[in-house]
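The values are calculated or read from the model by the stated rules, or taken from the named source; none is laboratory data. On a predicted model such as this, the values are computed, not experimentally measured, just so you know. Reconstructed Cβ throughout: ideal geometry from the backbone, glycine too, with neighbour counts over all protein chains shown. Please note that ligands, DNA and RNA were not included when accessible areas were found on the heavy atoms of the full protein model with its side chains. Shrake-Rupley method; radii C 1.70, N 1.55, O 1.52, S 1.80 Å.
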Amino acid sequence: MRGLIFRAMVIVFTVSTMAACTTEQPVNMDAVLKQPKSFVGSDTCKQCHLEHYDSWKMTLHSRMLQDAKANKDAIIVPIDEKRIREDLAKLEDKLKVPSAEIYVPKEDEILYTIGSQWKQRYLVKKEGVLYISPIQYNADTHRWVNYHEKDWDKRPWLLKCGGCHSTGADLEKQTFKETGVSCEACHGQGSWHAALPKTAVFEKRETIVNPAKLTMGVAVQICGSCHNRGKSTQVKGGGWPIGYKPGKALEAFYKSTSFAAGDVKHVYANEFSKGHHQQYIDWSNSIHADEGVTCTSCHYVHQMGIAPTRSQTIAAGSKQCLQCHEMINNNLGHAIHSFANCVGCHMPKIAKSAESGDIRSHVFTALLPSDTLKNPVVPNSCQACHKHKDDDVKELQEDWEKLVQLPKPVGKAIDPIGYHTSK
């Protein structure tokens with residue numbers, strides 16, 4: 001009898017303890033939903049989504065903008081004024097301001113760092129406004145170069161760039177919620193979602209944007225809102241889609257640049273990108289866009305567990321391509337590249353982040369020597385490889401035509417994608 005009573009007491013105690021641990025305070029959902037949505041930050045998101053948060057913290061998105069006061073190690077190179085000016089002096093004939101007169105910030109003036117993979121720039125404050133200082137460190141070549149040395153303090157960072165480097169940028173208040181491209185940059189403001197109790201499962205889902213559940217057309221535009229170049233349609237001088245929210249139509253808030261519109265600095269004559277953060281422009285011109293292969297078909301933003309690659313691709317290198325494209329014949333155009341380095345030809349390094357040719361095209365089309373013959377400014381896949389760097393372009397094209405047994409191209413460059421088949 002005593003044993004039964006004891007077991008009953010244990011059960012009652014256990015149930016009451018579990019109830020105490022899981023009981024949520026009642027929330028007035030109507031009152032929550034009447035409040036304007038606001039940004040809450042990734043520290044709030046991680047309370048329920050820790051594994052996604054951990055995965056995101058390993059990505060470049062999380063390090064796009066870093067607080068140099070909170071983390072001194074965010075600055076990846078010594079700010080040595082003597083060394084910086086020596087490097088700038090080597091570019092003297094290209095500078096719009098003499099190298100000796102270019103503003104070089106002291107380390108304690110640097111508030112935030114931008115980037116660290118290819119290059120790093122430095123945010124300083126002047127009269128209460130954040131600006132990118134006119135020096136840039138190129139990590140791969142370990143050299144300092146100029147950046148808008150003549151007008152750097154006429155280009156307010158938050159207006160020109162801030163919405164794609166931080167999360168929750170507010171032009172009126174001249175603030176942002178969080179450094180880096182965090183959860184709410186892609187999922188939208190999370191205050192309603194965070195405030196509702198876990199038991200309100202369906203209501204919580206309706207208060208946040210899940211890009212995976214959007215239609216393909218608007219989902220891919222979330223990536224396109226920052227992996228793009230152009231101008232705001234809502235705020236004069238804005239360099240990012242001010243007012244855009246995930247799930248909306250991007251072009252209502254942003255106009256992408258193009259060669260046809262006169263941008264010869266950032267785009268080649270064939271509309272392939274010269275510059276960085278323009279992958280959406282390239283993708284829009286690709287057969288992938290026509291066939292419904294979007295950014296997240298190849299890239300993840302976060303995922304459960306350890307990431308397969310640090311470059312945020314689902315597989316490494318050409319293995320990513322071979323997930324969909326099966327090589328059926330190692331002949332003709334693919335005979336001499338039988339090691340299946342798809343990206344070498346179809347994603348040539350022709351765009352620039354820090355140094356010319358350090359990032360890849362995202363049009364997914366092999367550029368032939370004939371493209372360069374028609375327009376010497378346009379690069380080609382063959383000469384992007386070190387073996388062919390100094391070869392005669394005309395001879396390269398003749399060799400290509402003999403190899404693939406094709407007539408000399410007229411109009412668009414010929415790309416023998418017919419030698420692949422999709423799984």
Residue-wise HN-Hα coupling along the stretch 296-301, computed from phi with Karplus coefficients 6.51, -1.76, 1.60 (Hz; x: Gly, Pro):
7, 5, 10, 10, 10, 9
Using mean Cβ contacts within 10 Å as the protection proxy, how do 73-81, 238-246 order, highest first?
238-246, 73-81
In straight Cα distance, which aspartates and glutamates are under 14 Å from K82, not counting same-chain residues fewer than 8 positions off?
E101, E107
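Set the Förster radius R0 to 51 Å, insert the Cβ-Cβ distance between N210 and K394 as r into 1/(1 + (r/R0)^6), and round the FRET efficiency to 0.05. Kindly include the intermediate steps, with their values, before the conclusion.
Numbers: r = 52 Å, r/R0 = 1.03.
The value I calculate is 0.45.
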The long-range amide H neighbours of G230, using H built 1.01 Å from N in the peptide plane and a cut-off of under 5 Å, are T257
Provide the net charge surrounding G41, with neighbours chosen by a C-beta distance below 9 Å and charges set as Lys +1, Arg +1, Asp -1, Glu -1.
-2
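With a 1.4 Å probe and all protein chains kept in place, how do L368, L33 rank by accessible area, largest first? Please list the in-between numbers first.
Working: L368 5, L33 70 Å².
Result, largest first: L33, L368.
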Within the stretch 354-381, whose backbone N sits under 14 Å from a point 7 Å along Cα→Cβ of T141?
354-359
Counting each DSSP H run of 4 or more residues in the chain as -39500 (n - 2.57), what helix-only mean residue ellipticity at 222 nm follows after dividing by all residues, to the nearest 500 deg cm²/dmol?
-7000 deg cm²/dmol
Pull up the cross-link candidates among the lysines for K231, meaning alpha carbon to alpha carbon under 22 Å and not fewer than 8 places away within one chain.
K150, K154, K160, K173, K245, K248, K255, K265, K274, K352
Considering amide H positions built from the backbone, and no H for Pro or chain starts, which residues 5 or more places from R143, or on another chain, come under 5 Å of its amide H?
N138
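For the chain, what does the accessible surface come to per residue with a 1.4 Å probe? Please give it in Å².
On the way: 24300 Å² over 423 residues.
Ligands and nucleic acids excluded, the result is 57 Å² per residue.
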Using θ = phi - 60° and the Karplus relation 6.51 cos²θ - 1.76 cosθ + 1.60, list the HN-Hα couplings for the stretch 36-44 in order, rounded to whole Hz, with x at every Gly or Pro.
x, 5, 9, 7, 10, x, 5, 5, 6
Between K173 and E101, what is the spin-label point distance in nm, taking each point 7 Å from the Cα along the Cα→C-beta axis?
4.0
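How much length would be gained if the chain were fully extended between I287 and V343, taking 0.36 nm per residue of separation minus their Cα-Cα distance, in nm to one decimal? The partial results should precede the final answer.
Working: separation 56, 0.36 × 56 = 20.16 nm, distance 1.52 nm.
Result: 18.6 nm gained on full extension.
May I ask you to list, by number, the DSSP H helices of the chain whose Cα span along the axis is at least 24 Å and whose average Kyte-Doolittle hydropathy reaches 0.5 or more?
2-22
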In nm, to one decimal, how far is the modelled label at K236 from the one at K319, with both set 7 Å along Cα→Cβ?
5.3
Mind listing the long-range amide H neighbours of G275? Cut-off is under 5 Å, sequence gap 5 or more, other chains count too, H placed in the peptide plane at 1.01 Å from N.
K352
Mind jotting down the distance between the C-alpha centroids of the stretch 281-313 and the stretch 121-191, whole Å?
25
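Taking all protein chains in place and a 1.4 Å probe, what share, in percent, of the accessible surface of the chain do carbon and sulfur account for? Don't jump to the answer; show the numbers that get you there.
Numbers: 13640 of 24300 Å².
Ligands and nucleic acids excluded, carbon and sulfur give 56 percent.
Above 38 Å lies some portion of the pair distances; for the chain, what is it as a whole percent of all C-alpha pairs?
Values: 30111 of 89253 pairs.
So the pairs more than 38 Å apart make up 34 percent of the total in the chain.
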